[in-house]
Amino acid sequence: MNESIESIYTLGDYYYSKQSYADAVQLYTEAAKQGHVQAQYKLGVCYATGTGIKGDSRLAVKWYLEAAKQGHVQAQYESGVCYATGAGILPSFKLAVSWYLEAANQGHAQAQYELGVRCEFGHGGRDCKKSAVSWYLKAAEQGHVKSQYNLGVCYATGTGIKRDFKLAVKWYLEAAKQGHVQAQYNSGYCYENGIGIQKDDNLAKLWYSRAEDQVGYDYDYNYDYCEMMQLRRVAEVVNEQPQIPDEYRGRYFYHITHIDNLDSIIKHGLLSTNEKNHRQIHHHNIANEQIQNRRRDMEVPVGLGGAVHDYVPFYFAQRTSMFLSVIKTKAVDQYEMIIIAISIDKLLDLPAVFTDAAASTNESPKFYSHLGNLSNLNWELIDSKDWGSNNEREKQQKMAEVLIHNQVHINDIAYFRTFDDRARQRIIEKYMKYNLNAPHIDINLYHYYSKFMIGRPKESLITGPNELRAKFEQLIENIVKMQDGSRKRFYSILHMVDEIENNFCVLPELKEIDDLITSNVLHTKTVGRHTLAVVDNIDKCNISGRTFSEPDETILKLAAYLHDIGKGPMIKWKSGKQQAYDDHPADAIPMLQRILTQEVTLITVEEVRKICLLVVYHDLIGGILQGSRDRNELRELGVSLNEMDLLMTLSLADVQTIDSNWFIAIEEKAGEIYTLIV
């Protein structure tokens, strides 16, 4: 090494010792660029910790790798950590293991431990378990406390080595002397029961006491032996993982997420909820809060244990009522939801467990870690084309889950599935951003929910908030552009309202809903009779205390007449009976365009906007107060106070006609909605 480079590094160390960190970083940088291995490593540490320079995980891993390539053992270990966690670089299981191996072969105890853990829990069969014991032993002999404890567990359970309670106790005691609380408890238990060592009540109490001092509560002395021996371990320890039964080969399991989360997924992989929280990674969340609270507290009794939130969730089924419920909230656009498919073969490689039903109810499903238990799942339901079931038990069984502990790397993704080409192009662009090739992307509506039942299979069952706003804005623009001043059937909207009052069926759109029977249990009347009831309720539902002008009263009444026209025409429904259909406000858009361009001679831009707003968004306030729709949807419409009064009045008139209790609930919370437009 050039003496001048060494002197630069030495001076950097001097400044570092004097806490002149910025000066130290400057000198480390100069020496590192000239190949000084120790300077490269220390510069990586400075970037990683933000010492003397702004923290930058990407530059940290860059310098760790430079030093690692020159054989710096700690840099090799740190490089492994970066690849394992995705800190500053795309995560890679293979590269993490590669650098851990380099460091481990130089005697790095923590790297040896990391390799041991990956071998033990990698489902790699007997030989991999043996390798785990070998790595634990190397680290344990150097005094690595976790390896000592793990080695004790391996001897106690016969994992990767012949069961030997004497050696188990030996390594428990080594770890216990270093303060490992689980090892202290296990040592106490062995002394108390004479397992692998001569029984000694005094020494049992000694080790129990030391464990209790650390955790602050009494251990249960009658703790089940098998559980005691594996306090943080796989509950179903096996030396060989069976192959996937032939009848399940070729299958996949699926994770549903919003495309806005793809950047994070490419950087860090798919992460469990707890791991995302730990790393402070925020995702576009589509989950039901109550269900997530149950999953947070639900214990996983097999595999690596912990709670359901310690695992990345997947479904075996391609169609689930969970996804359908997400779409029906109207809080997301279905075309922005992407499906991530993982091959069932990955159950051989990843720390996974699976369930026989959804892990979402108060009653826990059955959890399994042994692949032979795949036969316990209800595959007929899982493969059913139905979206769900009226039978609650069957609905939950259809949503049997795969749970993968902590993290799934992007290299494990078999393919993506999207609703249409918009999401497909975005996935390709995201991967290109990171100089990566995207896996196969399958545009396949089978996994999604469309309007196939009314002959429109390429349209989303529900028009999401972004698409609805775009259609709403385009509707107004089209109507304004198409005004030509030519004489139409109605001179003004007031004239139109007067004629509708005389003859409800004067517009073809109203004629189609007049006698339309509905199967919606909330509606006991035909759609036409419900509409007339809403019109009658308008005068009772202005709770703002502000009086509407005569033009606004006309707009409000016309919107009330038109608010449900999207439920028609009658030919839409094969049985002649309207099914429960949440997207009728969006289906009203082309009807509104026809009515306001072909039926009325004079109409102002203000009238166009207000009528379209009230019809297209008449269910928005109820959705927000029910907790399903996003409050930002209302904010982004930019409604005025006057428009808010009109929208609130129509919403309450509609709800009052359906359910008086719901009306009271919305009326009580109306003030919350007004705060959104301040």
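The values are calculated or read from the model by the stated rules, or taken from the named source; none is laboratory data. Nothing here was measured: the structure is a model prediction, and the numbers come from that model. Reconstructed Cβ throughout: ideal geometry from the backbone, glycine too, with neighbour counts over all protein chains shown.
Quick look at the values:
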quantity: Those strands (runs of 3 or more DSSP E) lying entirely in the stretch 273-390 with at least 3 residues closer than 16 Å to HIS258 by Cα, in contact with a strand residue (DSSP E or B) (Cβ under 7 Å, 6 or more places away or on another chain) and at pLDDT 85 or above; calculated: 311-315, 337-343
quantity: Subset of the stretch 373-387 [within 25 Å of GLY303 (Cα to Cα) and either loosely packed, with under 13 Cβ neighbours inside 10 Å or in contact with an Asp or Glu (Cβ under 8 Å, 6 or more places away or on another chain) (or both)]; calculated: SER375, ASN376, LEU377, ASN378
quantity: The stretch 388-403, subset out of contact with any helix residue (DSSP H, G or I) (no Cβ under 8 Å at 6 or more places or on another chain) and farther than 16 Å from PRO313 by Cα, residue surrounded by the fewest Cβ atoms within 10 Å (Cβ to Cβ); calculated: ASN390
quantity: Hits in the stretch 582-617 (condition: among the small types (Gly, Ala, Ser) and either crowded, with 22+ Cβ neighbours inside 10 Å or not assigned by TED's automatic domain parsing to the domain that holds ILE476 (or both)); calculated: ALA588
quantity: Residue check for GLU212: acidic (Asp, Glu), modelled with pLDDT under 90, surrounded by 12 or more Cβ atoms within 10 Å (Cβ to Cβ) and assigned to a helix (DSSP H, G or I); calculated: yes
quantity: Any hit, the stretch 167-181, residues being modelled with pLDDT of 90 or more, in a helix (DSSP H, G or I), within 18 Å of ALA84 (Cβ to Cβ) and touching a helix residue (DSSP H, G or I) at 6+ places or on another chain (Cβ under 7 Å); calculated: no
quantity: Check on GLY80, closer than 30 Å to GLY303 by Cβ, outside the structural domain of ILE281 (by TED's automatic domain parsing) and in contact (Cβ under 8 Å) with a residue 40 or more places away in the chain; calculated: no
quantity: Unmet requirement for ALA22, which otherwise passes all of (1) without any contact (Cβ under 8 Å) to a residue 24 or more places away in the chain; (2) surrounded by fewer than 17 Cβ atoms within 10 Å (Cβ to Cβ); calculated: (1)
quantity: Single residue of TYR41, TYR64, TYR16, TYR28 found to be among the hydroxyl-bearing types (Ser, Thr, Tyr), farther than 20 Å from TYR77 by Cβ and outside the structural domain of TYR434 (by TED's automatic domain parsing); calculated: TYR16
quantity: Checklist (1) of a type in the set (Asp, Glu); (2) farther than 30 Å from CYS119 by Cβ; (3) modelled with pLDDT under 50 applied to ASP200, failing item; calculated: (3)
quantity: Complete set of residues in the stretch 583-617 that are over 19 Å from SER460 (Cβ atoms), part of a loop (DSSP other than H, G, I, E, B) and out of contact with any Phe, Trp or Tyr (no Cβ under 8 Å at 6 or more places or on another chain); calculated: ILE603, THR604
quantity: Counted residues, the stretch 459-493 - those being out of contact with any helix residue (DSSP H, G or I) (no Cβ under 7 Å at 6 or more places or on another chain) and within 30 Å of ILE382 (Cα to Cα); calculated: 1
quantity: Filter result (out of contact with any Phe, Trp or Tyr (no Cβ under 9 Å at 6 or more places or on another chain), in contact (Cβ under 8 Å) with a residue 24 or more places away in the chain and not aliphatic (A, V, I, L, M)) within the stretch 86-105; calculated: GLY86
quantity: Contacts under 7 angstrom Cβ, first residue in the stretch 641-662 being in a helix (DSSP H, G or I), partner modelled with pLDDT of 95 or more and among the basic types (Lys, Arg), 6 or more apart; calculated: GLU643/LYS610; LEU646/LYS610
quantity: Verdict on ASN537 being buried (at least 18 other Cβ atoms within 10 Å of the Cβ) and in a loop (DSSP other than H, G, I, E, B); calculated: no
quantity: Filtered residue count, the stretch 568-588, keeping only those that are closer than 22 Å to MET648 by Cβ and not acidic (Asp, Glu); calculated: 4
quantity: All strands (runs of 3 or more DSSP E) inside the stretch 404-488 with 3 or more residues being surrounded by fewer than 19 Cβ atoms within 10 Å (Cβ to Cβ) and outside the structural domain of HIS268 (by TED's automatic domain parsing); calculated: 456-460
quantity: The stretch 1-19, residues that are within 21 Å of ALA48 (Cα to Cα) and buried (at least 18 other Cβ atoms within 10 Å of the Cβ); calculated: TYR9, GLY12, TYR15, TYR16
quantity: Number of positions in the stretch 179-193 that are out of contact with any Asp or Glu (no Cβ under 7 Å at 6 or more places or on another chain) and farther than 13 Å from GLN148 by Cα; calculated: 5
